[in-house]
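Take a look at the structure below.
The values are calculated or read from the model by the stated rules, or taken from the named source; none is laboratory data. Just so we're clear, the structure is a prediction, and the values are computed from it rather than from any experiment. Here Cβ is always computed from backbone atoms with ideal geometry, including for glycine, and neighbour counts include all displayed protein chains.
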Amino acid sequence: MDYVVEMLNIRKEFPGIVANDNITLQLKKGEIHALLGENGAGKSTLMNVLFGLYQPEKGEIKVKGKTVKITSPNIANDLGIGMVHQHFMLVDTFTVTENIVLGLEPKKGLNIDMKKAEKDVQEISDRYGLKVDPKAKIADISVGMQQRVEILKTLYRGAEMLIFDEPTAVLTPQEIKELTQIFRTLIKEGKSIILITHKLKEIIEVCDRVTVIRKGVGIETLDVEGTTPTQLASLMVGREVLFKTDKKPAVPKDTVLEISKLNVKDSRGVDAVRNLDLTVRSGEIVGIAGVDGNGQSELIEAITGLKKIQSGSVKLNGKEISKYKTRKITEAGVGHIPQDRHKHGLVLDFPIGDNMVLQTYYSKPYSKYSVLNNKEINKQAKKLIQEFDVRTPSETTPARALSGGNQQKAIIGREVDRDPDLLIAAQPTRGLDVGAIEFIHKRLIEQRDNGKAVLLISFELEEILNVSDRIAVIYEGNIIAIVDPKETTEQELGLLMAGSKKKVGAE
Amino acid sequence: MFERFSRFQKILIPLISVVLGLIVGAIIMLVSGFNPIQGYAALLKGSLGESFYIGETIRQITPYIFAGLAVAFAFRTGLFNIGVEGQLLVGWVASVWVGLAFDLPKIIHLPMAILAGALAGALWAFIPGILKARLRVHEVIVTIMMNYIALHFCNYLIRFVISDEQNTTDRVPESASLKSPFFETLTEFSTMHYGIFLALAAVIIYYIILERTTTGFELRSVGFNQNASEYAGMNVNRNIVLSMLISGAFAGLGGAMEGLGTFGYGFIHGAFSGVGFDGIAVALLGGNVALGIVFAAALFGILKQGALIMPLESGVPTELVEIVIAIIIFFVASSYIIAYLLQRLKKGAK
């Protein structure tokens with residue numbers, strides 16, 4: 001057997017939840033091994049067990065054939081296990097070298113031997129083709145570079161097995177390509193890699209083998225060669241997954257949202273939305289396609305009353321709402337799935353149940369004469385948890401303890417359940433796995449079929465093309481084209497989004 | 001890691017802290033040549049040993065409860081009210097002033113005087129509240145400074161407005177007094193007064209406002225996450241001001257208890273009374289929950305009251321109690337250490 005790391009029948013429990021149950025993962029020397037699973041399936045928990053952050057209740061860990069007990073990350077480091085976290089652990093004001101040697105500084109008398117450190121860092125960087133400048137400050141380098149510093153950190157500590165936790169989530173397509181190259185170099189130099197991900201494409205592209213876990217249980221380990229994305233997706237989710245969401249043609253009726261000549265400034269006082277016109281009718285999904293930072297956020301904030309408008313009008317069902325406060329707009333029939341679920345969508349320290357009534361707590365039946373009715377609140381929460389398949393130990397669990405996908409489902413449940421005439425969905429599937437994405441798309445289309453208007457904002461063209469009935473392209477705060485998703489292509493949209501081609505709407 | 005601390009731990013950590021504090025206190029007594037058993041026996045006797053001492057201890061607990069509630073209320077809604085001391089002082093003076101200025105039947109006069117205390121405290125806290133809401137000035141800075149303004153402003157009022165250039169005001173008339181002849185005879189003429197009932201009522205009100213009403217829901221929500229609260233249609237600025245108003249009212253009531261009950265008059269303070277600052281410790285030890293604050297205030301009352309008798313009975317200096325309190329607070333504040341030790345213990349048992 002030529003396994004460098006073996007995790008055998010690992011079980012890890014948290015109060016009320018079994019996060020890992022009987023999972024086995026064996027890493028061969030010199031392979032890239034994917035760990036695939038939905039959000040909340042227990043991938044990160046398993047890796048934290050390997051990295052010494054959690055102690056398993058059952059199971060055995062072997063490194064190079066020897067049984068070991070990893071009780072802290074230091075021990076993991078000593079065993080040659082390095083982890084590149086999704087959220088980087090770097091000191092912004094330090095240089096690359098300072099960050100890398102932190103805790104292991106080479107000394108010269110009482111001083112740190114920076115010269116030697118820099119030389120060492122440069123050497124490792126060259127060897128693995130990382131192209132990192134040892135003297136640069138972390139604050140001044142790109143996210144992709146910062147990730148390489150994290151990789152360097154593990155290599156400097158002599159890591160032979162590297163764990164990457166969703167490394168591509170924060171990278172641009174170009175950086176992803178470069179990272180793939182780095183993976184290859186690492187393997188060539190004799191390292192082994194575990195890649196935590198839920199992106200199927202990546203697995204097919206770079207990995208040798210894949211271990212699938214579902215709801216905390218190890219399902220299967222198989223060779224990547226010969227598998228298809230569909231097969232992996234169904235293994236991960238536990239049923240057939242449709243990549244293309246099925247939907248009937250839209251039957252748009254009355255205008256629900258009518259925006260005309262809207263102008264909004266961003267927080268720095270710069271014009272973000274300029275003379276924007278847009279209508280959304282009941283029974284249709286209008287997708288807003290655009291590169292991030294072209295006024296999408298300000299547009300949503302203006303509609304929902306979170307930002308003052310400079311001029312123009314926003315009408316909901318024919319009534320002017322641009323002067324309304326957020327609460328009145330919500331009551332008038334606007335639902336809003338916010339772009340940043342942690343910042344806007346949830347009070348993370350509140351129980352998930354209280355989060356389910358975040359906009360309705362003051363109305364009957366959740367309260368009467370200003371006194372909260374916890375029984376009704378919990379009843380509602382239980383209903384939504386069931387209906388929207390929110391996986392949580394109970395309705396009193398803090399929202400913080402849920403996985404991203406389940407938090408998002410809770411928000412969507414809350415917004416959809418209020419049955420708003422207009423549902424604004426901003427990046428509703430960001431960071432979610434295929435199962436959750438499919439679920440959320442279905443729900444959006446269901447709202448449309450129930451005769452509601454849906455406004456979808458997304459940076460992912462695939463999502464826009466898949467779900468929308470009409471696509472409005474936003475560029476520099478203006479809708480520069482309206483296209484039919486059935487007649488357009490990613491290329492055309494890409495060009496429009498870059499502002500290079502004008503097209504008169506197909507309205 | 002699903003919850004930072006389990007409910008069990010939340011109760012256990014303050015308890016262990018208290019025990020550790022007492023143990024360290026005992027060690028210090030030993031090292032400095034005192035008998036810790038004698039010392040603590042004296043402490044207990046001085047706080048709970050006789051009906052007189054029990055009366056004094058309860059009287060001591062009363063303002064601690066109010067100060068603890070004031071700090072905790074602000075804290076639960078995301079604000080640090082370090083100005084409880086100042087709010088307490090203005091509440092004290094305002095209640096005494098109303099007590100002296102009017103001549104009314106008790107059924108109107110006493111509630112009016114108490115209310116004046118609450119109102120004054122609320123008003124004093126309103127200033128940092130509105131500055132935070134409108135201009136984002138940090139409330140810690142403003143409340144600290146407001147303490148000094150309160151101290152000297154109150155001294156000015158007492159010397160030049162309420163009294164005739166005296167160091168103390170007149171006693172408030174019986175119609176505005178919380179003094180309780182019943183309790184006094186029951187406890188061999190201690191200064192125990194009716195304030196403890198008001199304090200316990202305040203605890204219930206604290207719980208109801210914060211946990212059971214829509215207002216409390218909003219206040220807590222704003223305390224945790226302003227962005228999400230705004231998204232949900234809550235008025236963040238209004239809630240910040242409201243939180244400070246309620247917090248200040250609790251503090252002002254604490255002052256009224258001193259003014260109308262314990263002392264029955266106002267006097268020039270050379271320095272802060274310290275009750276408001278102790279309120280921070282009470283809130284911390286009580287975990288900012290209603291019942292916890294009652295227990296924490298009781299402990300502080302017992303320690304402080306018992307400390308007065310300790311030197312007479314056992315020779316242990318009063319300051320030792322301050323050390324014990326400091327150590328308790330140290331352990332509560334470093335609760336992560338205790339949680340870690342508990343975890344290790346659990347694992348060891350397995």
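Here are the numbers:
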read-out: Out of B:VAL140, B:VAL98, sole residue that is farther than 30 Å from B:LEU291 by Cβ and touching a residue at least 40 places away in the same chain (Cβ under 8 Å); value: B:VAL98
read-out: Condition met for B:ASN288 (under 30 Å from B:VAL98 (Cβ atoms), within 14 Å of another protein chain (Cβ to nearest Cβ) and either part of a loop (DSSP other than H, G, I, E, B) or of a type in the set (S, T, N, Q) (or both)); value: no
read-out: Selection from region A:181-227 of residues that are within 20 Å of the chain's Cα centre (by Cα) and loosely packed, with under 15 Cβ neighbours inside 10 Å; value: A:LYS201
read-out: Helices (runs of 4 or more DSSP H) within region B:4-110 that include 1 or more residues basic (Lys, Arg) and touching a helix residue (DSSP H, G or I) at 6+ places or on another chain (Cβ under 7 Å); value: B:51-76
read-out: Those residues of region A:151-177 which are surrounded by 16 or more Cβ atoms within 10 Å (Cβ to Cβ) and assigned to a helix (DSSP H, G or I), in sequence order; value: A:ILE151, A:LEU152, A:LYS153, A:THR154, A:LEU155, A:TYR156, A:GLU175, A:ILE176
read-out: Test: residue in region A:143-150 that is closer than 28 Å to A:GLU6 by Cβ, polar (S, T, N, Q), under 23 Å from the mean Cα position of the chain (by Cα) and surrounded by fewer than 19 Cβ atoms within 10 Å (Cβ to Cβ); value: no
read-out: Answer residue from region A:284-335, given it is outside any helix (DSSP H, G or I) and in contact with a Pro (Cβ under 7 Å, 6 or more places away or on another chain) and is farthest from the other protein chains (Cβ to nearest Cβ) among those; value: A:GLU284
read-out: Where B:ALA281 falls short, out of the listed (1) closer than 20 Å to B:LEU30 by Cβ; (2) part of a helix (DSSP H, G or I); value: (1)
read-out: Tally, over region B:292-350, of residues that are of a type in the set (Ser, Thr, Tyr) and part of a helix (DSSP H, G or I); value: 4
read-out: Residue in region A:215-230 that is on the phi < 0 side of the Ramachandran plot, in contact with a Cys (Cβ under 9 Å, 6 or more places away or on another chain) and in contact (Cβ under 8 Å) with a residue 12 or more places away in the chain present; value: yes
read-out: Residue list for region A:244-301, restricted to those being of a type in the set (Lys, Arg) and either crowded, with 16+ Cβ neighbours inside 10 Å or under 23 Å from A:ILE329 (Cβ atoms) (or both); value: A:LYS247, A:LYS253, A:LYS261, A:LYS265, A:ARG274, A:ARG281
read-out: Unique match (being closer than 29 Å to B:VAL31 by Cβ, under 21 Å from the mean Cα position of the chain (by Cα), at pLDDT 95 or above and surrounded by fewer than 21 Cβ atoms within 10 Å (Cβ to Cβ)) among B:ALA298, B:ALA326; value: B:ALA298
read-out: Failed item, numbered, when B:THR214 is tested on (1) within 13 Å of chain A (Cβ to nearest Cβ); (2) crowded, with 20+ Cβ neighbours inside 10 Å; value: (2)
read-out: Among (1) crowded, with 20+ Cβ neighbours inside 10 Å; (2) within 14 Å of chain B (Cβ to nearest Cβ) - the single one A:VAL18 does not satisfy; value: (1)
read-out: Enumeration of residues in region A:341-367 that are within 8 Å of chain B (Cβ to nearest Cβ), part of a loop (DSSP other than H, G, I, E, B) and free of Cβ contacts under 8 Å to residues at least 40 places away in the same chain; value: A:TYR361, A:TYR362
read-out: Some residue of region A:404-418 being assigned to a loop (DSSP other than H, G, I, E, B) and under 20 Å from the mean Cα position of the chain (by Cα); value: no
read-out: One residue from B:GLY270, B:GLY259, B:GLY248 being in a loop (DSSP other than H, G, I, E, B) and either more than 12 Å from every other protein chain (Cβ to nearest Cβ) or crowded, with 24+ Cβ neighbours inside 10 Å (or both); value: B:GLY270
read-out: A:ASN39 being surrounded by fewer than 24 Cβ atoms within 10 Å (Cβ to Cβ) and touching a residue at least 12 places away in the same chain (Cβ under 8 Å); value: yes
read-out: Looking only at region B:66-86, and only at residues there that are small (Gly, Ala, Ser) and surrounded by 24 or more Cβ atoms within 10 Å (Cβ to Cβ), the one that is nearest to B:ILE144 (Cα to Cα); value: B:GLY83
read-out: Selection count, region B:218-231, where residues are without any contact (Cβ under 8 Å) to a residue 24 or more places away in the chain, within 7 Å of another protein chain (Cβ to nearest Cβ) and under 27 Å from the mean Cα position of the chain (by Cα); value: 2
read-out: Failed condition for A:LYS382, given (1) surrounded by fewer than 22 Cβ atoms within 10 Å (Cβ to Cβ); (2) under 17 Å from B:ALA228 (Cα atoms); (3) touching a Gly at 6+ places or on another chain (Cβ under 9 Å); (4) more than 8 Å from chain B (Cβ to nearest Cβ); value: (2)
read-out: Answer from A:GLY413, A:GLY405 - the residue that is under 20 Å from A:VAL334 (Cα atoms), in contact (Cβ under 8 Å) with a residue 24 or more places away in the chain, in contact with a helix residue (DSSP H, G or I) (Cβ under 6 Å, 6 or more places away or on another chain) and more than 14 Å from chain B (Cβ to nearest Cβ); value: A:GLY413
read-out: From A:ILE141, A:ILE163, residue being more than 21 Å from A:LEU50 (Cα to Cα) and β-branched (Val, Ile, Thr); value: A:ILE141
read-out: Within region B:236-263, tally of residues that are of a type in the set (S, T, N, Q) and farther than 24 Å from B:VAL222 by Cα; value: 1
read-out: Residue satisfying condition, being loosely packed, with under 14 Cβ neighbours inside 10 Å, farther than 18 Å from A:LEU179 by Cβ and of a type in the set (Asp, Glu), within set A:GLU105, A:GLU98, A:GLU118, A:GLU123; value: A:GLU123
read-out: Considering residues of region B:43-65 that are crowded, with 19+ Cβ neighbours inside 10 Å and among the polar types (S, T, N, Q) only, the residue farthest from B:SER314 (Cα to Cα); value: B:THR62
read-out: Qualifying residues in region A:420-439 (those that are modelled with pLDDT of 90 or more and not in a loop (DSSP other than H, G, I, E, B)) - the one surrounded by the most Cβ atoms within 10 Å (Cβ to Cβ); value: A:ALA425
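Residue by residue, here is whether (1) crowded, with 17+ Cβ neighbours inside 10 Å; (2) modelled with pLDDT of 95 or more; (3) within 14 Å of another protein chain (Cβ to nearest Cβ); (4) not in a helix (DSSP H, G or I) holds:
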residue	(1), (2), (3), (4)
B:ASP164	no, no, no, yes
B:ILE205	no, yes, yes, no
B:GLY233	yes, no, yes, yes
B:ASN239	yes, yes, yes, no
